[in-house]
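Each remark here refers to the structure printed beneath this line.
The values are calculated or read from the model by the stated rules, or taken from the named source; none is laboratory data. None of the values given here were measured: they were computed from a predicted structure. Virtual Cβ from ideal backbone geometry, glycine too; neighbours counted across all protein chains shown. With ligands, DNA and RNA removed, areas are computed over all heavy atoms of the protein, side chains included. Shrake-Rupley method; radii C 1.70, N 1.55, O 1.52, S 1.80 Å.
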Amino acid sequence: RVLPVSDDPMPTYVKTDEGTLAFQEYFVRRQCRPVVTGFEFRNVAQAAPAPGVLETLRQADLVVICPSNPWVSIDPILSVRGVRAEIAKKTLIAVSPIIGGKTVKGPAAKMFAELGMEASAFSVAGHYRDLLDGFVFDRIDHDQAITIGGLGLAILETDTIMKTPHKRADLAEQVVEFGLELLEEQSL
């Protein structure tokens, strides 16, 4: 079952050195060229969670943040009334969208750099630090294992580039297994 976080409009705007742009204007028309200085989620304070969203989160044992842009994909979801609070009660794992200082797709690495942060798995873990129990990142970023673990997170280093259906299924299986291990440890 796929649920939108809200049925209310809450457009994302990108603050840039050339002014504030609607995300699609920034992403498609301007091809991510302007320098990013921040983000704005309009109407998010008034947006209500879609029917079933909070109930589904309450029933979940494990929540996984998939490898997506923290600012324009995940933060709008976390900003909807009640969502962050429900997720904070759960065992939460995030999978890094940054691999070897780059993104497989999209402007996340560029955004990190323009916001004055290193584009790294460690920076992604730091972005979600107050919510996470576990963090999954690519073996390419093995040199960051100690610093990520130093955030107090359980870690899983694995191959996170999903070029084939088999690789996607394998990563999903590993993430769920990692989550089940965390749940078991927390129940002891």
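Ordering of 133-139, 53-59, 73-79, 178-184 by packing is 133-139, 73-79, 178-184, 53-59, highest average first (other Cβ atoms within 10 Å, averaged per residue).
Where the accessible area of the chain is counted over protein heavy atoms with a 1.4 Å probe, how much of it, in %, is carbon and sulfur? Before the final figure, lay out each step's value.
Values: 5440 of 10100 Å².
Looking at the chain in its full context, I get 54 percent from C and S.
Hey, with R₀ at 35 Å, roughly what FRET efficiency would Asp61 and Val35 work out to, going by the Cβ-Cβ distance, to 0.05? The calculated FRET efficiency here is 0.25.
Only Cα pairs under 8 Å and 6+ residues apart enter the sum, and on that basis the relative contact order of the chain stands at 16 percent. Restricting attention to the chain, the count of lysine pairs at 8 or more positions apart or across chains with alpha carbons under 28 Å apart stands at 11.
How long is the gain from Ala48 to Asp159 if the chain were fully straight, where each residue apart is worth 0.36 nm and the alpha carbon distance is subtracted? It would help to have the intermediate numbers written out before the result.
Details: separation 111, 0.36 × 111 = 39.96 nm, distance 3.67 nm.
In short, 36.3 nm is gained.
Only helical runs count toward this figure. For the chain, summing -39,500 (n - 2.57) over DSSP H runs of n ≥ 4 and dividing by all residues gives -9000 deg cm²/dmol at 222 nm. A 1.4 Å probe run over the stretch 31-81, with the rest of the protein chains in place, finds 49 Å² accessible per residue. Per-residue surface analysis assigns Tyr13 an accessible area of about 50 Å², computed on protein heavy atoms at 1.4 Å probe radius. 3J(HN,Hα) along the stretch 72-79: 9, 10, 8, 4, x, 5, 5, 7 Hz, from the Karplus curve 6.51 cos²θ - 1.76 cosθ + 1.60 with θ = phi - 60°, whole Hz, x for Gly and Pro. The packing ranking of peptides 86-99, 155-168, 104-117, highest mean first, is 86-99, 104-117, 155-168, where packing means the average number of other beta carbon atoms within 10 angstrom of each residue.
Taking N as the number of residues in the stretch 1-89, what value does Rg over Cα atoms divided by 2.2 N^0.38 Å take?
Details: Rg = 14.5 Å, N = 89, 2.2 N^0.38 = 12.1 Å.
Compactness ratio reported: 1.20.
The phi torsions of the stretch 10-15, fed into the Karplus equation with coefficients 6.51, -1.76 and 1.60 and a -60° offset, translate into couplings of 8, x, 8, 10, 10, 7 Hz, rounded to whole numbers, with Gly and Pro shown as x.
Fully extending the segment from Lys15 to Lys89, taken as 0.36 nm per residue of separation minus the present Cα-Cα distance, adds 23.5 nm.
Over the residues of the chain, compute the C-alpha Rg and express it relative to 2.2 N^0.38 Å.
Values: Rg = 16.9 Å, N = 188, 2.2 N^0.38 = 16.1 Å.
My calculation over the Cα atoms of the chain gives 1.05.
Karplus-based coupling profile of the stretch 117-124, in residue order and whole Hz: 10, 5, 7, 8, 4, 4, 5, 5, with θ = phi - 60° in 6.51 cos²θ - 1.76 cosθ + 1.60 and x standing for Gly or Pro.
For Leu3, nonlocal amide neighbours, meaning residues 5 or more places apart or on other chains whose placed amide H falls under 5 Å from its own, do not occur.
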